[in-house]
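To start, the structure itself, in structure tokens.
Each value in this text was obtained by applying a stated rule to the coordinates, not by laboratory testing. Keep in mind it's a predicted model, so treat the numbers as computed, not measured. Using ideal geometry, Cβ is built from the backbone for each residue, glycine included, and neighbour counts are taken over all protein chains shown.
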Amino acid sequence: MSSLFTRDEPFAPPSPADFDLPAVFGGSGHFTFLGQEQVAGVTKPMLQIVLAAVLVFILFYVASRRRAMVPGKVQFIGEEAYGFVRNSMGRDIIGSHDFQRFVPYLFTLFFFVLFNNFMATIPFIQFPTFSRSGMVYSLAIMSWIVYNAVGIHKHGFVGYFKLQSVPAGVSGVILILLVPLEFMSNILVRPFTLALRLFANMFAGHLLLILFALGGEYILETQPLGYAPVGVLAWVLFIAVAILEVLIQFLQAYVFVLLNAMYIQGALVDEH
Amino acid sequence: MDGNLNMIGYGLAAIGPGIGIGLIFAAYISGVARQPEAQSRLQSIAILGFALAEALAIIGIALAFVL
């Protein structure tokens with residue numbers, strides 16, 4: 001067994017550089033984008049994001065291919081999953097009048113995000129796709145376009161911005177204070193918090209796992225034998241945190257889609 | 001072992017959202033305990049409040065790495 005550490009080497013804690021994976025294909029060329037040096041190649045998260053899309057498609061294609069009155073196992077899973085998104089995120093949030101046309105978007109988004117998050121736990125993959133922030137920004141831009149377009153389509157351009165930036169039941173001088181704030185928070189900052197929430201949770205979770213795994217290994221391999229229980233404890237904590245991560249991965253996919261639904265509902269709501 | 005003062009600062013900054021999230025779910029739990037049939041309505045409100053409070057912690061961790 002090859003050792004990662006030598007006895008006198010100081011412990012190097014994991015850093016954001018650990019997320020810069022080498023390219024799987026290509027990777028010889030470089031280019032500059034937005035002032036940052038980029039590698040021209042296909043990396044692991046790019047493959048994962050395609051894999052997740054294919055997996056979601058296959059699962060629900062198989063689930064809906066042979067529809068029967070009495071559902072089989074796969075069809076039952078598909079129906080339960082669809083019902084969960086449709087009822088708890090579509091109908092309860094957007095409201096029974098409008099929700100049906102947004103269910104395909106919410107449903108696809110939820111399972112796409114969920115599968116990508118689970119990539120962090122699936123053995124031999126074990127890298128969260130959305131710990132690369134660019135992947136999440138594209139999703140956030142898409143949801144920003146969706147809820148703004150829906151609102152402008154329903155209320156018109158002026159009516160929509162009035163709805164989003166003028167809070168109901170406020171008048172006078174307070175409006176001068178509140179209108180810029182509401183505009184900032186509802187139009188400008190939303191896509192950033194939406195993207196950063198998912199990204200930072202996946203990033204921090206993976207960083208924590210790296211820390212426990214490397215720290216435990218460092219203690220076991222370089223420290224005197226008396227410290228060994230601490231290293232074992234770090235590995236036990238690694239397993240505990242990995243299980244907690246599965247919960248967080250589900251919760252973040254849920255929150256991401258729930259917030260999408262809430263933004264759509266906020267754009268569709270009638271003026272008071 | 002090298003450290004970074006940013007991480008201590010982030011730890012301190014995370015106290016606020018931590019207390020906030022605790023208060024949100026405490027209120028949610030006691031609300032559901034008093035009126036179990038209101039759970040589905042309270043749940044989305046609680047998750048929204050949780051997401052807003054958590055945004056502070058997330059901005060903190062982003063700044064801890066950036067600054």
- Task: Give the order of B:Arg41, A:Arg91 when sorted by the count of other beta carbons within 10 angstrom, beginning with the fewest.
- Result: B:Arg41, A:Arg91
- Rank the residues A:Glu80, B:Glu37, A:Glu245 as a footprinting-exposure proxy: fewest other Cβ atoms within 10 Å of their Cβ go first. B:Glu37, A:Glu80, A:Glu245
- Applying the span-like rule to chain A (DSSP H, Cα extent along axis at least 18 Å, Kyte-Doolittle mean at least 0.0) gives A:44-65, A:103-118, A:133-155, A:190-222, A:228-268
- Note on the structure: Straight-line reach check, A:Lys162, cutoff 30 Å on alpha carbons, 8 or more apart in-chain or any other chain, hits among lysines -> A:Lys154
- Task: Taking the Cα centre of the stretch A:55-182 as origin, sum charge times position over the Cβ atoms of Lys and Arg (+1) and Asp and Glu (-1), and report the length of that vector in debye to the nearest 20.
- Result: 400
- Message: What's the magnitude of the charge dipole for the protein assembly as shown around its Cα centre, counting Lys and Arg as +1 and Asp and Glu as -1 at the beta-carbon? Answer in Debye, nearest 20.
- Response: 1120
- Rounded to the nearest 500, what is the 222 nm mean residue ellipticity of chain A from helices alone, with -39500 (n - 2.57) per DSSP H run of 4+ residues and division by all residues? -21500 deg cm²/dmol
- Message: How much length would be gained if the chain were fully extended between A:Val74 and A:Val166, taking 0.36 nm per residue of separation minus their Cα-Cα distance, in nm to one decimal?
- Response: 28.3 nm
- Shape of the stretch A:143-212, Cα gyration tensor, a/c cut at 1.5: oblate
- Query: In whole angstrom, how long is each semi-axis of the equivalent ellipsoid of the stretch A:16-268, when you take the square root of 5 times every eigenvalue of its Cα gyration tensor and sort them from largest down?
  - Reply: 37, 26, 20
- Note on the structure: Row for the stretch A:66-143, column shape: gyration tensor on C-alpha, a ≥ b ≥ c, rounded if a/c < 1.5 i.e. under 1.5, prolate if a/b over b/c, else oblate; value oblate
- Return the whole-Å distance between the Cα centroid of the stretch B:6-67 and the Cα centroid of the stretch A:30-100. 27
- Item | Contour minus Cα-Cα distance for A:Ala23 and A:His97 (0.36 nm per residue) | 21.9 nm
- Message: Sort A:54-60, A:128-134, A:218-224, A:21-27 by packing, meaning the average of other beta carbons within 10 Å per residue, with the highest value first.
- Response: A:128-134, A:218-224, A:54-60, A:21-27
- Item | Anisotropy class of the stretch A:22-116 from Cα gyration tensor, a/c 1.5 cut | oblate
- List the DSSP H helices in chain B whose Cα atoms stretch 15 Å or more along the helix axis and whose mean Kyte-Doolittle hydropathy is at least 1.6. B:39-66
- Task: May I ask you to derive the FRET efficiency for A:Val158 and A:Leu188 from their Cβ-Cβ distance with R0 = 25 Å, giving the value to the nearest 0.05?
- Result: 0.90
- Note on the structure: Checking A:Phe99, A:Phe11, A:Phe238 against a Gaussian network model of chain A (alpha-carbon springs below 10 Å), the top fluctuating residue turns out to be A:Phe11
